[in-house]
Amino acid sequence: MTTNRRLPQALSAHQAAGNSPTLARLAELIKDSSARFKAIEPLLPEALRPAVKPGPIEGESWCLLVSSNAAAAKIRQLVPLLQTHLLDRGWKVTSIRLKILIAKKY
């Protein structure tokens, strides 16, 4: 005997975010972080751009994820310029933190 059971409809990430205030807020923060990064990307030296990724936003603090200590040292010198650039474009950013990503070896 065959039973026709309906499986739940799969939701896209966008639909799931729309159904959950928490996911919707997270999606908005990701979008905002990406927009901030796009705004500052032209200010980063071209050779360093692949080493930097947008990171989390926590209130008025924003984090950039950096691939190495050397890249972080160079980016650290640019933080005042990056922060001013974001403020001039309407983002209230009181600090930009740098977090170095350590590649895991398996």
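The values are calculated or read from the model by the stated rules, or taken from the named source; none is laboratory data. Nothing here was measured: the structure is a model prediction, and the numbers come from that model. As a convention, Cβ positions derive from the backbone with ideal geometry for all residues, glycine included, and neighbour counts pool all protein chains shown.
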message: Take the conditions assigned to a helix (DSSP H, G or I) and closer than 20 Å to LYS92 by Cβ and apply them to ALA39. Does it pass?
response: yes
statement: Looking across the range 50-76 at residues that are more than 15 Å from the chain's Cα centre (by Cα) and touching a residue at least 12 places away in the same chain (Cβ under 8 Å), the single one that is surrounded by the most Cβ atoms within 10 Å (Cβ to Cβ) is ALA71
statement: Condition set touching a strand residue (DSSP E or B) at 6+ places or on another chain (Cβ under 9 Å) and over 17 Å from LEU82 (Cβ atoms), scope the range 24-50, selection modelled with the highest pLDDT: answer is ILE30
message: Condition first: part of a helix (DSSP H, G or I) and surrounded by fewer than 12 Cβ atoms within 10 Å (Cβ to Cβ). Can you find one or more residues in the range 26-33 that meet it?
response: yes
message: Go through the range 77-106 and report how many residues are more than 15 Å from the chain's Cα centre (by Cα) and either assigned to a loop (DSSP other than H, G, I, E, B) or of a type in the set (Val, Ile, Thr) (or both).
response: 11
message: Can you tell me how many residues within the range 39-49 are under 25 Å from LEU26 (Cβ atoms), surrounded by fewer than 18 Cβ atoms within 10 Å (Cβ to Cβ) and of a type outside the set (D, E, K, R)?
response: 1
- request: Scan the range 50-86 for residues that are out of contact with any Ser or Thr (no Cβ under 6 Å at 6 or more places or on another chain), among the hydrophobic types (A, V, I, L, M, F, W, C) and over 22 Å from LEU26 (Cα atoms) and jot them down.
  value: ALA70, ALA71, ALA72, ALA73, ILE75, LEU78, VAL79, LEU81, LEU82
- prompt: Got a sec? Which of SER34, SER61 is in contact with a Pro (Cβ under 9 Å, 6 or more places away or on another chain), within 17 Å of GLY90 (Cβ to Cβ) and polar (S, T, N, Q)?
  reply: SER34
